[in-house]
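J.: Sending over a structure as structure tokens; questions will come in a sec.
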Amino acid sequence: MNRRLFFAGAGLFLLFSLLSCKKSPDGPSDIRIRNKSGVLFKNVHVDTSGGEHNYGEVNPGGVTDYYRFDIAYREAHITLDINDVQYELVPVAYTYEVPLGQGKFTYELSIADTISHLLAIHVIPDAPLK
């Protein structure tokens, strides 16, 4: 009897473990950076609120490798240096944002304002995650 109870408990534990291991539809998201400007981006740092990553340097027109984030949105907190001046993109708030979801995406970055040192972003869905 104890043996049956043990196997029943182990079976239930396994069932609940498998059911709770589903991927979230909110992520993960693989993000890469494309430099849409004519200048070198240095120290490109991305914070999606679901992770952070420093992509390093991105040449004009260049594209980085993908990096996985637990969750990502159409906007992210991004900082980078251009000629030793820090440029930034600050999202208004993630409260009402819809996650990009599971997939590969490109954050195309360009310069929005050279006086205020602001960036612009355009998100391109590239492919589903395999």
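J.: Could you list all residues from segment 99-130 that are out of contact with any Phe, Trp or Tyr (no Cβ under 7 Å at 6 or more places or on another chain), in a loop (DSSP other than H, G, I, E, B) and either farther than 19 Å from T79 by Cβ or aromatic (F, W, Y) (or both)?
T.: Across segment 99-130, the qualifying residues are G101, Q102, P128, L129, K130.
J.: Go through (1) surrounded by 13 or more Cβ atoms within 10 Å (Cβ to Cβ); (2) free of Cβ contacts under 8 Å to residues at least 24 places away in the same chain; (3) not small (G, A, S); (4) not in a strand (DSSP E or B) and name the single condition Y96 misses.
T.: Exception for Y96: condition (1).
J.: Can I ask one more? When you go through L129, L100 one by one, which is the residue that is at pLDDT below 95 and not β-branched (V, I, T)?
T.: Just a single option satisfies the conditions, and that option is L129.
J.: Oh, and also: Take the residues in segment 81-93 that are within 15 Å of the chain's Cα centre (by Cα) and part of a loop (DSSP other than H, G, I, E, B), then tell me which one is surrounded by the fewest Cβ atoms within 10 Å (Cβ to Cβ).
T.: The selected residue is V90.
J.: Has segment 4-27 got any residue that is at pLDDT 90 or above, of a type in the set (S, T, Y) and either closer than 29 Å to G101 by Cβ or part of a helix (DSSP H, G or I) (or both)?
T.: no
J.: List every residue pair whose Cβ atoms sit under 8 Å apart, with the two residues 6 or more apart in sequence or on different chains, where the first one lies in segment 109-130 and is under 18 Å from Y87 (Cα atoms) and the second, anywhere, is of a type in the set (D, E).
T.: Hits for this filter: H117/E88; L118/E88; L119/E88; I121/E75; I121/E108; H122/E108.
J.: Could you tell me whether G62 is at pLDDT below 95 and either touching a Lys or Arg at 6+ places or on another chain (Cβ under 9 Å) or buried (at least 17 other Cβ atoms within 10 Å of the Cβ) (or both)?
T.: No; evaluated as a whole, the condition is false for this residue.
J.: Would you say G103 is crowded, with 18+ Cβ neighbours inside 10 Å, touching a residue at least 12 places away in the same chain (Cβ under 8 Å) and touching a strand residue (DSSP E or B) at 6+ places or on another chain (Cβ under 7 Å)?
T.: No, not satisfied.
J.: Please name all residue pairs, on different chains or six or more residues apart, with Cβ atoms under 8 Å, provided the first residue is in segment 77-88 and is at negative phi and the second residue is outside any strand (DSSP E or B) and loosely packed, with under 13 Cβ neighbours inside 10 Å.
T.: The qualifying pairs are H77/V90; I82/V39.
The values are calculated or read from the model by the stated rules, or taken from the named source; none is laboratory data. Fair warning: this is a prediction, and the values are worked out from it, not measured in the lab. Don't worry about glycine lacking a Cβ; one is built from the backbone with ideal geometry, like all the others, and counts go over all protein chains shown.
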